Every structure is written in structure tokens, then in C-alpha cells.
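Structure first, then comments.
The values are calculated or read from the model by the stated rules, or taken from the named source; none is laboratory data. Remember, predicted model here, so these are calculated numbers, not experimental data. All Cβ positions, glycine included, derive from the backbone under ideal geometry; neighbour counts span all protein chains shown. Heads up: the accessible areas ignore ligands, DNA and RNA and are worked out on the full protein's heavy atoms, side chains in. Shrake-Rupley method; radii C 1.70, N 1.55, O 1.52, S 1.80 Å.
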Amino acid sequence: MSVVKEFDIKPLDESRNVALSDDKLENGSKGELIKLAGQLRDRRNDLNQMASERASRRDELNAKTREKVDEAQEHREQRDELNERVQEHKAKRNELNAKANELFDEVEQMKRDLELDDGKDVEELREEIEKLEFRQQTEVLSPEEERDLIEKIESKRDQLKQKKEKLDDSSELEELIEEAESVRSEASKHHQKVTELADEAQEHHNRMIEAYREADDIRDKADEMHELFVEAQEAADRHHEDFVRVQKRLRELDKKEDQQKEQEREAERERAKEEAEEIYQKFKEGETLDTEDLMKLQKTGLL
């Protein structure tokens, strides 16, 4: 499962949000407002939990993005290091090839100086001499023909002798050829290394590109997750603000109720005081008081 699929999440279900109108806030009963406050609190808590989960997933995605970027950077460093080695081996290869070319040029010049490339080689001369000698031994020739044949054989023998003498003097040439071939071989080894390292560098380059692509995909998903987090958090904040407004309204209603009850208690105290004063007046006038009247006088402090 890809990282992006792993972190798929559904958008916010706004149908579950709790609405608060100004009319309901101002005119709703205390019981209705208490129930509404509970709904707002519960939805706020759910949304905060949702926002927290989305923030956590966003942070995980951002961490994975950083991991992919770090991975890409590692491949970039390895690629660059390999490319540096490629350039080193390429420079060495070119240097050795240039030296080998110089040596082979010297070989050709030495061959020209020794005239080894002129005429026929030793084996060819030997074969021709053998054929001429065989003809001399097996064919019936006229004196003139035999003399020409002998001259040819002697000429070939002279050529063979000169060629062999030149070859005897060519040990330096062989050493030069051996050195040139050795240098060329060493250059080939560096060329092989260039090829191997270049292929390896290309592999790291491809993996770097892939890691950056994955990082971009995950970063896009992290941005989407951040938007979902903001959506849930803003909805939670709205519910919290409405919850606070309802709580404030409930406190106002409680205060109003308390004031109303206090007013009722004060009115009751006034009525009791007036009644007690009437009873006390009767008492002063000599009327007989019953137990209830006496308790009312005691309660108001008139007795």
C-alpha cells in the first residue's frame, strides 16, 4: 500500500455539526439550552479529537516527506561522488590512450627506420627459396635457365640474410611494442571502470528522481491532510465558541432566576413583617395571641 493511500481520510461530515441561532440563544428555555450546550460540547470534543488525529497524520506524512528527501539527497551525493570517479578514470584513460598513441607512432617510425615493412617477411622468403631449390633439383634446365635460377636463389638468400639481420636488431622495437600494448591495455581497464561507474551513477540518479517524485506525492497528501485538519479545527473552534455563548446565556438565566427568587424572598419577608407588626399591635392592645402568632413575632424579632 502506498503512503498516500495509507493516509486516505474522509472529509468532515457537516451534517453532524450542531447549529446555534441567535433566536434559539435568546429565546430558548433553560432546559433546551442545557441540552444544546451538551451537544455543542460533545461535538466540539469529537472535532478536537478528529483534528488531533489529522494533525498527527499530517505530521507523519511530513516526516515521511523528509525521509524521502533525505533518501534523494543520499542518492544525489552517491551519484556525484561516482561521477567524480568517472571523471578521474576518464582523465586517466585519455592520458594513457594519448601515451599509447605516441608509443605506437614510435613503433611505426622504428619499423620504417628498420624497413621491416618493405618487401616480404622471413617466412615468405624461405618458402620462395625452398621452391626455387626444389625446381633446381627436380627440373631439367638449360645452362642459361639454371644460371638465372641460381641468381634468383642467391638474391633471395641475400634478402633473407638482410631481413634476419634487421630482425636481430629489432629487440628494442619489440620492447616498444610490448610497452605500447601494455599502456593500451591499462587504458582499456580505465575505460571499463568509466563504463561501470557511469552505469552505477545513472542508477543512483534514477533512484534520486524517483525519491523526489515520491516526496512530492507525499507532500501533496500532507498538504491535503493539513487542510482537513484546519477544517476540523475551525469547526471545533466554532462549536467551542457557541458552547461558551450558551454557557454565558445559562449563567445569565441563572443570575436572573436568582434575582427573581431573591425578590420573591424579599417580598415574602415584607409580607411577614407587616403581618407580624399587625399581630404585635394586637398584642399591645391586650388581645390574646395563639402559638402561631407568637412564632411569627419571634421569627420577625418583635418578641
message: Could you tell me the calculated FRET efficiency between K30 and A272, based on Cβ-Cβ distance and R0 = 25 angstrom, to the nearest 0.05?
response: 0.25
Gyration tensor over alpha-carbon atoms, segment 203-303, equivalent ellipsoid semi-axes in Å: 83, 10, 6
field: Gain upon complete extension [K164, D217; 0.36 nm per residue less C-alpha separation]
entry: 11.3 nm
- request: May I ask you to derive the FRET efficiency for R184 and R147 from their Cβ-Cβ distance with R0 = 45 Å, giving the value to the nearest 0.05?
  value: 0.30
field: About the Cα centre, charge dipole magnitude for the chain (Lys/Arg +1, Asp/Glu -1 at Cβ), debye
entry: 2780
field: Where the Cα pairs of segment 38-190 fall when distances are cut into 10 Å bins, in %
entry: 9, 16, 13, 11, 10, 8, 7, 6, 6, 5, 4, 3, 2, 1, 0
message: Only four residue types carry charge here, +1 at the Cβ of Lys and Arg and -1 at the Cβ of Asp and Glu. Report the dipole size of segment 31-82 about the Cα centre in Debye, rounded to the nearest 20.
response: 520
query: Hey, if you put +1 on the Cβ of every Lys and Arg and -1 on every Asp and Glu Cβ in the chain, which of Q162, N94, L176 ends up farthest toward the positive end of that dipole?
result: N94
task: Describe numerically, in nm with one decimal, the distance between label points set 7 Å from Cα along Cα→Cβ at E292 and at E123.
output: 15.4
field: Rounded to the nearest 20 debye, dipole of segment 156-218 from Cβ charges on Lys, Arg, Asp, Glu
entry: 700
query: For the chain, which whole percent of the accessible surface, found with a 1.4 angstrom probe, sits on carbon and sulfur atoms?
result: 44
statement: Net charge near A236 (other residues with Cβ under 14 Å of its Cβ; Lys, Arg +1; Asp, Glu -1) is -4
message: If the elastic network links every pair of Cα atoms under 10 Å, which of R112, R269, R207 fluctuates the most in the Gaussian network model of the chain?
response: R269
query: Are any of the pairs K90/K111; K261/K282; K10/K64 more than 29 Å apart by Cα-Cα distance, and if so, which?
result: K90/K111; K261/K282
Rough spin-label spacing in nm, given labels placed 7 Å along Cα→Cβ, for E88 and Q136: 6.7
- line: Mean-square fluctuation maximum in Gaussian network of the chain, Cα pairs under 10 Å, restricted to E175, E144, E257, hits E144
field: Which of H239, Q192, L36, positive extreme of dipole for the chain (C-beta unit charges)
entry: L36
statement: Which of K64, K30, K161 fluctuates most in a GNM of the chain (C-alpha springs under 10 Å)? That residue is K161
statement: Taking alpha-carbon centroids only, segment 24-38 lies from segment 188-262 a number of Å equal to 36
query: Based solely on its DSSP helices, what 222 nm [θ] is calculated for the chain when runs of n ≥ 4 H residues each add -39,500 (n - 2.57) and the sum is averaged over all residues, nearest 500 deg cm²/dmol?
result: -32000 deg cm²/dmol
field: Estimated FRET transfer efficiency when R0 is 30 angstrom, pair E77-K99 (beta carbons, to 0.05)
entry: 0.35
query: Each label point is 7 Å from the Cα along the Cα-to-Cβ direction; what then is the distance between the points at S155 and E200, in nm?
result: 6.4
